[in-house]
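Every number in this text was worked out from the coordinates using simple rules, so none of it is lab data. Remember, predicted model here, so these are calculated numbers, not experimental data. Please note: Cβ atoms are built from the backbone with ideal geometry, for glycine as well, and neighbour counts cover all protein chains shown.
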Amino acid sequence: MIRSDSPAQESTKTRTTARLSGKLDKHLAMYAAAATAAGVGLFSAPGAQAEIVYTPTHVKMDQVNGFYPIDFDNNGVVDVGIWLPVGCSSGGCAVAMSAYPNSQVGNGVVLAHSQNFVKAMFGGSEINQHRRFLARDWIMGAFETHRIGTNTVTSGWVGPWANGGNGVRGRYLGVKFAINGVFHYGWARISFVVTGKGQFYGVLSGYAYETVPNQPLKAGQTKGADGSGKTAPTPVITPTIERPTLGHLAAGSRALSRWRTQRSAENPQ
């Protein structure tokens, strides 16, 4: 469970609430370029029949500072991630859920009309070229505290996913991401579950994408107009805490497993 008063705040005071390093982006872009140049992609081979590929999953996202990677086309490259950062500054603290697309290759997430937050899309909403996509990490929902003067502290929920402290169930993150240099549209179904003041967790309950480049699809859609579709195997999605280089992420689950084993050996409990 993510808590606004987590001890992790002490080790993250220098972090911004929704910002990953430029170096992280560059590592991801480098590995993404290498993968796309090699034509890697289980569901995106040239000449493949057009269809929607749906990946069922159920991942509870509750790790403080956890980064949960999503690989839509199962080619070993992270397309977008859900990050749960905790950060503090002299003006206050925040705990958030943020979407982080691979911006170096142009991937983006759909913004809300206000453009201040990532949009919490309803099922059936179309994801297409007319949406405003942001190619950078951005807040979905958060609980913030602000210090005003010496003794006054204000706090509250912000963002459409937090929904004023009520959270949301089964909303959709709209995504565009590149395969072999061309863009595809997809969605990830996510719940933002509030359990108390400044406390929440997320649930990732599936994602899908259209195999035809630039072809719109609707949030929650798992089959094409002709009823065609493919269900991919359920992946194992494990968060990174101290984020490895996205070279590890791009290299897939085996590399992440080796990295976690190494970190455990370096930091025994």
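Below, the figures for the structure above:
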quantity	calculated
Under 5 Å, built H, 5+ apart or other chain: amide partners of Phe183	Asn214
Potential extension, Asp226-Arg147 segment - 0.36 nm per residue separation minus Cα distance	22.8 nm
³J(HN,Hα), Karplus 6.51/-1.76/1.60, whole Hz, each residue of region 193-203, x for Gly, Pro	9, 8, 10, x, 5, x, 10, 6, 8, x, 10
Residue-by-residue Karplus 3J(HN,Hα) for region 71-80, coefficients 6.51, -1.76, 1.60, Hz, glycine and proline x	10, 4, 9, 6, 9, x, 10, 5, 8, 7
Which of Cys93, Cys88 has the fewest Cβ neighbours within 10 Å, and the rest in rising order	Cys88, Cys93
Estimated distance in nm for a label pair at Asn214 and Glu126, the labels positioned 7 Å out from Cα along Cα-to-Cβ	1.6
Sorted by Cβ density within 10 Å, fewest first, the residues Ile237, Ile127, Ile148	Ile148, Ile237, Ile127
For Thr234, Thr145, order by how many other beta-carbon atoms lie within 10 Å, fewest first	Thr234, Thr145
Pair Ala135, His58: separation of 7 Å Cα→Cβ label points (nm)	3.8
Cross-link pairs beyond the 21 Å C-alpha cut-off, checked among Lys60/Lys223; Lys119/Lys218; Lys176/Lys218; Lys60/Lys218; Lys60/Lys230; Lys119/Lys230	Lys60/Lys223; Lys60/Lys218; Lys60/Lys230; Lys119/Lys230
